[in-house]
Each structure stands twice: as C-alpha cells, then as structure tokens.
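The values are calculated or read from the model by the stated rules, or taken from the named source; none is laboratory data. Since the structure is predicted, the reported quantities are computational estimates derived from the model, not experimental observations. Here the Cβ is made from the backbone with ideal geometry for all residues, glycine too, and neighbour counts use every protein chain on show. The area values use the complete protein model at the heavy-atom level, side chains included, leaving out ligands, DNA and RNA. Shrake-Rupley method; radii C 1.70, N 1.55, O 1.52, S 1.80 Å.
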Amino acid sequence: MTPTHIEHIGIAVKNLDETILYYENVLGLKCYAIEEVKEQKVKTAFFRIGQTKIELLESTDPEGPVGKFIEKKGEGIHHLAFAVNQLEEILVETESKGIQLIDKTPRMGAEGLHIAFLHPKSTFGVLTEFCEDKNH
Ligand code: CMX
C-alpha cells in the first residue's frame, strides 16, 4: 500500500467564516466549497493547494469529534488524510499490522469520498485518514 498524495490536511477551527477570511485574504487561497457533514458533526470549508486540499472543520456539536478536540487541545491541525486506492483492502492490511482502526469499513465523507480513520493512539499521535475517490 502506498498513498498517492496528501489528499487534505484537516484543521479544527472555532469560527469557519472568520478563518476563511484569513485563508483568502492573507494566504490568497480561494474557498471553493462549504459543506456540512452531519454524520461527523462538522461544517467544512475547502481550499485547493496543488494536489492537496486544506479542510477547515467547525464543530456543529460540542460532543462531536472536532468539538471535543477543540475543548481539549484548542484550534489547530486535527488530522492528515492520505489518498489511496482500494481502501477496503488497505484497511484489512493496516489492521493486520496491528494498527487500531476507527472505521473497519469505509464510510462517506465530505466531497463524496470514501473515508476511514486510524486511531491516533496507534499512529504516533496523528489522527490519520485514508480517502478514496471512486469517481475518478
Ligand atoms: N489528533 C490526535 N489525538 C487526538 C485527536 C486528534 N485529532 N482527537 C483525539 N485525540 C486523542 C485525545 O487527545 C485523547 O488522548 P488522551 O487519552 O491522551 O487524552 C484520546 O485521543 C481520546 O480522545 P477523546 O477526546 O476522549 O475522544 P474519543 O476517544 O471520544 O475520540 C477519536 C477520539 C480520534 C476516536 C474520534 O475523534 C474519532 O473517531 N475521530 C474520527 C472522526 C473525525 O475526526 N471526524 C471529524 C472530521 C470529519 C471530516 O474530515 O469530514
């Protein structure tokens, strides 16, 4: 298994609208999509930079994963997402190497991607996501 690229970097923020202004007006990136992912209890905003995206995450529920993260650690980098092919097979292979999966089977994430997370306690502190785009 070799990821093809960093699909996105997820960043937990308190206020999506204010943070979008920073990425647009200071860094010069353009927000091309805002999407609520109800299942994950987040509202997301996306920016492209090369082949990679930045995903801003505002929690819609203090008990959701991003709400709890901000409460404990404050704003900042929340997860790293790798683009992969054949996600189901990769999850089996990853688990067989002793890594704790949060998702044993893929689920649907933002932008229609199939996603699965690995537990940060198994991945040296970095919440890790695999993403597969089955539309391309
Ligand atoms: N990065 C690194 N460590 C993290 C973390 C993160 N993003 N989130 C939680 N942790 C750590 C906590 O600091 C805590 O460590 P300690 O035990 O040392 O204090 C430990 O993991 C447990 O954290 P918790 O606050 O008790 O939270 P839970 O165990 O309930 O959940 C996790 C943690 C990672 C399993 C959960 O957040 C999860 O399932 N995440 C995957 C889904 C997700 O993050 N969705 C949002 C993004 C959606 C999207 O991209 O569209």
Going 7 Å from the Cα of E36 along its beta-carbon direction, which residues of the stretch 101-135 have the amide nitrogen within less than 20 Å of the resulting point? 108-113
Just to be sure I understand: with springs between alpha-carbon atoms less than 10 Å apart, which residue in I90, I11, I49 has the highest mean-square fluctuation in the Gaussian network model of the chain? I49
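Name the shape class, rounded, prolate or oblate, that the alpha-carbon gyration tensor gives for the stretch 70-136, where a ≥ b ≥ c are the square roots of its eigenvalues, rounded holds for a/c under 1.5, and otherwise prolate holds if a/b is larger than b/c and oblate otherwise. Don't jump to the answer; show the numbers that get you there.
Details: a/c = 2.43, a/b = 1.26, b/c = 1.92.
Judged from the Cα gyration tensor, the stretch 70-136 comes out oblate (a/c at least 1.5, b/c at or above a/b).
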Just tell me which aspartates and glutamates come within less than 12 Å, Cα to Cα, of K38; anything on the same chain fewer than 8 places away is out. E58, D61
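Please work out whether the stretch 21-97 counts as rounded, prolate or oblate from its C-alpha gyration tensor, where a ≥ b ≥ c are the square roots of the eigenvalues and a/c under 1.5 means rounded, while otherwise a/b larger than b/c means prolate and anything else oblate? Could you put the intermediate results ahead of the total?
Numbers: a/c = 2.08, a/b = 1.29, b/c = 1.62.
Oblate, because a/c is 1.5 or more while a/b does not exceed b/c.
State the percent of C-alpha pairs, over all pairs in the chain, separated by a distance greater than 19 angstrom.
Numbers: 4522 of 9180 pairs.
Taking all Cα-Cα pairs of the chain, the fraction more than 19 Å apart is 49 percent.
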Counting Lys +1, Arg +1, Asp -1, Glu -1, what net charge surrounds D133 among other residues with beta carbon under 10 Å of its beta carbon? -2
Per-residue SASA entry for K68, accessible area with 1.4 Å probe, Å² rounded to 10: 120
Given the pairs K14/K97; K30/K104; K30/K73, which span a C-alpha to C-alpha distance of over 32 angstrom in this model? K14/K97; K30/K104
